[in-house]
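Scroll down for the structure; my scribbles are underneath it.
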Amino acid sequence: MKDSLDLKHDGTMRWYSNIGLPPTMIDEAIHFVDLDLDFVAVQPDEWRLVDEEEFEINQERYDYPDALISYVWQTVCEVKHRIQYRQFPFDGSFERRLLELSQSKTSHFR
């Protein structure tokens, strides 16, 4: 799972949680394999699973092994659990930290 925040030019935000393989480090570069499914929220408490059709298409196109398909759906269940129980990274700590940084006197957000 990889989480991100997309800040639009109009000031709106969208949160993403990508389902993927754990990142690996190869030759000092971090590699991440996205497995198509994502959780998306326009509001922090309104998450929905998207791209299920893309996952089904790629599952056949790339002949995903059963173990990988099982891993994906187990991860989806884990993310749903974390969202429901407001566990990291769905506990608001990321948003609080961003707000804290934006209000600090550092050059990060000038």
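All of the numbers you see were taken from the coordinates with simple rules; none came from a lab. If you're wondering where the values come from, they're calculated on a predicted model, not measured in any experiment. Cβ sites come from the backbone with ideal geometry, for glycine too, and all protein chains shown count toward neighbours.
Positive contributions from Lys and Arg (+1) and negative ones from Asp and Glu (-1), summed over other residues with Cβ under 13 Å from the Cβ of VAL76, come out at -2. Placing pseudo-labels 7 Å out from each Cα toward the beta carbon at TYR85 and VAL50 gives an inter-label distance of 2.7 nm. The ratio of the alpha-carbon radius of gyration of the stretch 17-110 to the globular-protein estimate 2.2 N^0.38 Å is 1.34. Per-residue extension of 0.36 nm, minus the Cα-Cα distance of ASN58 and CYS77, leaves a gain of 4.8 nm for this segment.
Maximal additional length on extending the HIS31-SER104 stretch stands at 23.1 nm, based on 0.36 nm per residue less the C-alpha distance.
Taking 0.36 nm per residue of sequence separation and removing the Cα-Cα distance, the GLN43/SER70 pair yields an extension gain of 6.8 nm.
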